[in-house]
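Engineer: Please read through the structure below; I'll follow up with questions.
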Amino acid sequence: MNSQRLIRSSCLGVLVLAALASACNREDDKAVKGRNGPNGAAHDSVSEVALSEDGLGPVHIGMTLDEAVNMALLNERPDLKPSCDFVYPAVGSGLPPDVGIMVVKGKIARIDVDTGSVTTEDGVKIGDTEDRVKSVYGDELTVEPHKYIEAGHYMTVLGDSASAGKALVFETDGKRVTMFRAGRLPEVKWVEGCR
């Protein structure tokens, strides 16, 4: 009987140690997300809820606003313009409050980040240099002149085959990222937001 208790105690001890080791490595998992792997340019830290071409956490590009409201992710707006408007994360949703979600004809079309500490899945954030964006995205990046900022740029990363028809767009002042967004084409490239 004592040997069975000893075996159970030993097994329980091993499980506890394994769980602790797994918990300790979670931060390491975050740090290696991105296109360039553990030793690449995307090795910087990634925000708790990171933006990709496909969405932000549980908010996915293409999901309906009703779905997101019913899941308590986004606020309902009675004055929402059905053709195009912005909504914001619900309090307690776990989403960063400093993002705007564009809704076009009832579906989430894009997600905008213009303040705060949200990053892309690759660790790019507001304040990063144009060179940093180029080092992370490399040949996937196209650069165009900004419509309103003389030295500024739009730096666009088209989605991979799994995210076809979607993109990330970084706006810069010519030196640093001032805002960025992700979503479906063509809405993600609309410079003025909802026209």
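Engineer: Considering only the other residues whose Cβ falls under 11 Å of the Cβ of GLY127, what net charge follows from Lys and Arg at +1 and Asp and Glu at -1?
Structural biologist: Charge balance near GLY127 sits at +2.
Engineer: So which of LYS107/LYS147; LYS81/LYS175; LYS134/LYS166; LYS105/LYS175; LYS125/LYS189 end up more than 30 Å apart by C-alpha?
Structural biologist: In this structure, LYS81/LYS175; LYS105/LYS175 exceed 30 Å between Cα atoms.
Engineer: Expressed as a rounded percentage, what relative contact order does region 156-195 have, with Cα pairs under 8 Å and six or more residues apart?
Structural biologist: Relative contact order comes out at 30 percent.
Engineer: Here's a follow-up. Roughly how many Å² is the accessible area per residue of region 92-195, as a whole number, for a 1.4 Å probe?
Structural biologist: For region 92-195, the per-residue accessible area is 46 Å².
Engineer: OK, next. Where the centre of each part is set by its Cα atoms, how far does region 157-183 sit from region 40-112, in angstrom?
Structural biologist: About 16 Å separates the Cα centre of region 157-183 from the one of region 40-112.
Engineer: Over the alpha-carbon set of region 72-155, work out the extent along each principal axis and list the three values in angstrom, largest first.
Structural biologist: Taking the Cα atoms of region 72-155, the three principal extents are 42, 27, 21 Å.
Engineer: First select every other residue whose beta carbon is under 10 angstrom from the beta carbon of ARG181; then total the charges, Lys and Arg +1, Asp and Glu -1.
Structural biologist: Here the charged neighbours net out to -2.
The values are calculated or read from the model by the stated rules, or taken from the named source; none is laboratory data. Not measured: the values here are computed from a predicted model. Cβ sites come from the backbone with ideal geometry, for glycine too, and all protein chains shown count toward neighbours. Ligands, DNA and RNA are excluded from the accessible area calculation, which covers all protein heavy atoms including side chains. Shrake-Rupley method; radii C 1.70, N 1.55, O 1.52, S 1.80 Å.
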